[in-house]
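Here the structure comes first, spelled out in structure tokens, and everything after it is commentary.
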């Protein structure tokens with residue numbers, strides 16, 4: 001029997017393949033529209049419970065999170081982006097990143113090891129799959145994917161702009177994507193660089 005709040009059934013292979021493909025498609029669509037620079041950071045929050053059709057936090061599925069993670073990481077890596085995985089609110093939405101990013105961005109490391117019910121299955125997967133995973137409290141990412149209404153906004157750089165992707169769901173989870181842009185300064189006399197819009 002699965003632990004309370006954990007998936008108590010094995011996900012069908014066809015379902016796992018479907019969510020992996022959907023995650024990859026949404027990631028590619030976001031990247032094509034957002035036009036990030038190589039080395040930019042993609043923050044992802046993912047409720048595996050929502051992906052399988054249950055309420056957030058009630059049916060954590062590691063194998064579902066792994067499928068979503070694989071779909072996103074494959075495309076992000078192809079474009080030279082770094083993936084950051086947001087944990088659930090039980091870890092105050094801390095973020096799993098590669099040590100290289102924590103150093104580059106001068107992020108303060110915190111001490112916790114995510115678990116499926118204390119950090120979430122997606123954060124746990126990232127911690128297990130990254131080469132040198134570290135946990136940080138905050139990050140300022142240039143683009144993001146919110147899978148299942150996990151509230152990634154606190155980890156997006158200013159100014160966040162919604163990106164309308166062709167697909168709006170991964171499995172059963174609602175998906176919202178965003179990019180960021182430089183702030184406008186200068187008021188009515190200012191002239192803006194169209195390339196930064």
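Brief remarks on what is shown
- Each pair of Cα atoms in the chain enters the Kirkwood radius, and Stokes-Einstein at 25 °C and 0.890 mPa s then converts it into a translational diffusion coefficient of 146 µm²/s.
- Cα-based Kirkwood hydrodynamic radius, region 78-185, one decimal, Å: 14.5 Å
- Size descriptor, Kirkwood hydrodynamic radius, that averages inverse alpha-carbon separations across region 85-132, Å: 10.7 Å
- Alpha-carbon centroid distance for the pair region 95-148 / region 177-197, whole angstrom: 29 Å
- Projected label distance in nm at residue 55 and residue 92, using a 7 Å step from Cα toward the beta-carbon: 2.7 nm
- Ellipticity estimate at 222 nm from DSSP helix runs (n ≥ 4, -39,500 (n - 2.57)) divided over the chain, nearest 500: -9000 deg cm²/dmol
- Residue with peak Gaussian network fluctuation, the chain [Cα springs, cutoff 10 Å], from 63, 98, 12: 12
- Comparing mean-square fluctuations of 122, 130, 184 from a GNM of the chain with C-alpha springs under 10 Å, the top value falls on 184.
- Choice from 97, 159, 75 with maximal GNM fluctuation in the chain (Cα, 10 Å cutoff): 159
- Put in order of Cβ neighbour count within 10 Å, fewest first, the listed residues 149, 40 become 149, 40.
Throughout, read-outs are computed from the coordinates displayed, never taken from laboratory work. Keep in mind the model is a prediction, meaning the values are calculated, not measured. Please note: Cβ atoms are built from the backbone with ideal geometry, for glycine as well, and neighbour counts cover all protein chains shown.
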